[in-house]
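Here, each number is a calculation from the coordinates, and none is a lab measurement. These figures come from a predicted structure and were not determined experimentally. Neighbour counts are summed over all protein chains in view; Cβ atoms, including those assigned to glycine, are modelled from backbone coordinates with ideal geometry.
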Amino acid sequence: MRVGELKAVLPIAGLGTRMLPATKEQPKEMLPVFAKSENGSLCVKPIIQLIFEQLFDVGIRQFIMVVGRGKRAVEDHFTPDQGFLEIIRRSRSPLLGDFEAFYRRVNESTLVWVNQPHPLGFGHAVLLCESAVGVSPFIVHAGDTYIVNGAEVIERMFKRFEEGGAEVMLLLQEVEDPRQYGVAEVSEVGGRLMVRRVEEKPSEPRSNLVIVPLYIFRPSLFDALRLVKPGVGGELQLTDGIQKLIDRGYRVEAVKLGDGLKMDVGSPQLYWEALQLSYSLSSKP
């Protein structure tokens, strides 16, 4: 199997409450960060577009977007608008090439929209995608976190996933304060990181390794999610589904992001850091 054969699930139905009031009508996934245009100049793009383009560029062509109330802007953005394209063309905008490249990617992809009418959690959003995913391995990628060298990271994760026969492949990063994240305990076996335990937002973390929201799963995850009860915040947590697989003896592995950079628009402070980082990277000649 090749990485491009994976389907990508993007759960983007969350309310984005930490970014209110900006996200009352605008999905946080549509918040712009700096990027480099097709002609090399500085521009701004919604972070969800950067994520989609990155996944497309590693070969993925099937995307399952989980949306909820107020997410119509995402669907509209991913619907090619030929009338708007003609206006851009007539105005001789230097960004014409960017729109054409984005629309080409969209037209060469299959996009499935799954509705999550109530905010019941990240795990619930993934569970809703079971019929659309089918029986093959798949990627889950949060729509508010962009990994700068993501193509390389995805290839590395997938290689380990295929070689080791893992049921789940996680991406981990060391942080100073892990209490607001999913946290993993690992042990190294034969040069591979085996995940022994995961916990969502623990008050007393057992490690400083947090789960970056980019995962590769086999469909056994859906059975596990059906068995878990609502956890932190009264929501169905993806982390609890992963722990259920560990409890049932499945092989869960991880790779570390290491010095890799990521942008997160989930809170005002993180968004400010994402703007600074994206400007720094995109404004370079």
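Couplings for the range 106-121, taken from phi via the Karplus curve 6.51 cos²θ - 1.76 cosθ + 1.60 with θ = phi - 60°, read 4, 5, 8, 10, 9, 10, 10, 9, 10, 8, 10, x, 10, x, 9, x Hz in order; Gly and Pro are left as x. Site pair Tyr279 and Ser109 shows an inter-label distance of 2.8 nm when each label is modelled 7 Å from Cα along Cα→Cβ. Put simply, the amide H of Leu261, placed in the peptide plane, has neighbours under 5 Å in Val148, Asn149, leaving out anything fewer than 5 places away on its chain.
Legend: ranking of residues Val66, Val265 from fewest to most surrounding C-beta atoms inside 10 Å; resulting order Val66, Val265. Considering only alpha-carbon pairs that sit under 8 angstrom and 6 or more positions apart, the relative contact order computed for the chain is 23 percent.
The antiparallel fraction among DSSP beta bridges confined to the chain stands at about 60%. For the range 75-151, the list of trypsin sites (Lys or Arg not before Pro) that fall in a loop by DSSP and count at most 11 other C-beta atoms within 10 angstrom reads Arg92.
When the alpha-carbon atoms of the range 149-260 are used, the pair Rg, Dmax equals 13.3, 38 angstrom.
Counting only DSSP H runs of at least 4 residues, each contributing -39500 (n - 2.57), and dividing by the residue count of the chain, the helix-based mean residue ellipticity at 222 nm comes to -9500 deg cm²/dmol. Given the pairs Lys36/Lys262; Lys45/Lys284; Lys28/Lys159; Lys24/Lys244, which span a C-alpha to C-alpha distance of over 23 angstrom in this model? In this structure, Lys28/Lys159; Lys24/Lys244 exceed 23 Å between Cα atoms. Both numbers refer to the Cα atoms of the chain; Rg and Dmax are 18.7, 60 Å. What number comes out for the charge environment of Val33, summing +1 per Lys or Arg and -1 per Asp or Glu over other residues with Cβ under 12 Å away? Result for the local shell: 0.
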